[in-house]
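Okay, so here's the structure we're looking at.
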Amino acid sequence: MAFFVLLKCLPAALLLLSICASPAAAGRKLVSGATTPTSSSMAERHEQWMAQHGRVYKDAAEKARRLSIFQSNVEFIESFNKEGKHKYWLATNQFTDLTNEEFKATHTGFRKTAAAAATVKGFRYENFTAPSSMDWRKRGAVTPIKDQGQCGCCWAFSAVAAMEGITKLTTGKLISLSEQELVDCDVHGEDQGCEGGLMDDAFEFIIKNGGLTTEAKYPYGGVDGTCRSPTSAAAAISGYEDVPANDEGALMKAVANQPVSVAIDAGGSGFQHYGGGVFSGECGTELDHGVTAVGYGKASDGSKYWVVKNSWGRTWGEKGYIRMERDVEAEEGLCGIAMEASYPTAS
């Protein structure tokens, strides 16, 4: 059982209208460049970026402040890429007008929960010999990238993606299931909709609820709503298991058999601006974001990686995915990916 609650976003109004972080709080290398003159070409790039991402600011002062942050981030991105010594590259995305502190405050974060005794459910893939690569996208077990927006329910997207995978594997049908049903209805334990939750607790709810309905019948709204119960279940699970902690080999065995819910530390500036390649950047083990491991492989340069499905839309990373370095020295895995992994089971 995971012992943390995953959070993500503050209301969009706070993001666009009233975030007032000081330059000192802007984070390493992402300090607002208020003292740096803004070129007309940078202003034009910012205008194009605003149009692309539908960004609107409350007044001219806020726009000027966001332009300054945008310029600092673009300079950081271009400087990083010019170094030419990394396995991955950075790019502008929907987070480019945020300082790293703002990004972490609105798209990461967790609050500790009382540690409960983990229930021993076994690990069914212990004796499995994993192939050298796997990609569940190519096997039709992964739905298109979704976007949780300004709601801290990454836990729901992670759990649903894993459930969509096992449903495909057991029934032959790929069904887009409802995250909103979890957000609205799974609110009587640690899971609290847009305020955060746990993948294992989501699996517990789904079992007790008799499954989840489709996204089409219970569409995502990006806010906490009133539970529309009962619903007709389109898919169900019979249980779930935790992957042995701090063991990338065990995680590989699990991912070789089905998509797996994982938690990572996603608050770093490299993660914020990730554009593509095998991510090997700096990150810790302060787990704050729920995602889904849907494969693994090896790049042409020999770098081993995990294929991770995120829930920040297709404009982030590799069309919504990130490849994260695999088999690192730390037993927890890069960004703690091997610390709190679990997967649903189905009869």
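The values are calculated or read from the model by the stated rules, or taken from the named source; none is laboratory data. What you see is a predicted model, and the numbers here were worked out from it, not measured in a lab. So basically every Cβ, Gly included, is an ideal-geometry build from the backbone, and we count neighbours across all protein chains shown.
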Exactly one of Lys146, Lys168 is farther than 21 Å from Thr231 by Cα, surrounded by 20 or more Cβ atoms within 10 Å (Cβ to Cβ) and either free of Cβ contacts under 8 Å to residues at least 60 places away in the same chain or in contact with a Phe, Trp or Tyr (Cβ under 7 Å, 6 or more places away or on another chain) (or both), and that residue is Lys146
Matching residues in the stretch 311-334 - criterion: being on the phi > 0 side of the Ramachandran plot and under 12 Å from the mean Cα position of the chain (by Cα):
Gly313, Gly317, Gly320
Could you tell me which of the residues Asp224, Asp242 is of a type in the set (D, E, K, R) and modelled with pLDDT under 95?
Asp224
Only listed residue being in a helix (DSSP H, G or I) and farther than 14 Å from Ser261 by Cβ, chosen from Ile175, Ile207
Ile207
Report, ordered by the first and then the second residue, all pairs with beta carbons closer than 7 Å, sequence separation of six or more or different chains, a first member in the stretch 309-332 that is in contact (Cβ under 8 Å) with a residue 60 or more places away in the chain and in the same structural domain as Ser133 (by TED's automatic domain parsing), and a second member that is among the aromatic types (Phe, Trp, Tyr) and in a loop (DSSP other than H, G, I, E, B).
Asn310/Trp316
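Within the stretch 48-66, work out how many residues are surrounded by 13 or more Cβ atoms within 10 Å (Cβ to Cβ) and in a helix (DSSP H, G or I).
Residues of the stretch 48-66 surrounded by 13 or more Cβ atoms within 10 Å (Cβ to Cβ): 49-50, 53, 55, 57, 62-66.
Subset that is in a helix (DSSP H, G or I): 49-50, 53, 62-66.
So the answer is 8.
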Over the stretch 272-310, the set of residues charged (D, E, K, R), over 13 Å from the mean Cα position of the chain (by Cα) and not in a strand (DSSP E or B) is Glu282, Glu286, Asp301
Enumerate the pairs (first residue in the stretch 246-264 and in the same structural domain as Ala141 (by TED's automatic domain parsing) and assigned to a loop (DSSP other than H, G, I, E, B); second residue anywhere and surrounded by 24 or more Cβ atoms within 10 Å (Cβ to Cβ) and of a type in the set (Val, Ile, Thr)) with beta-carbon separation below 8 Å, excluding pairs fewer than 6 apart on the same chain, so at least 6 apart or on different chains.
Pro259/Thr292; Pro259/Val294
Quick check: is even one residue across the stretch 200-215 hydroxyl-bearing (Ser, Thr, Tyr) and touching a residue at least 40 places away in the same chain (Cβ under 8 Å)?
no
Yes or no: the stretch 284-305 includes at least one residue that is among the charged types (D, E, K, R), modelled with pLDDT of 95 or more and either within 14 Å of Ala161 (Cα to Cα) or surrounded by 17 or more Cβ atoms within 10 Å (Cβ to Cβ) (or both).
yes
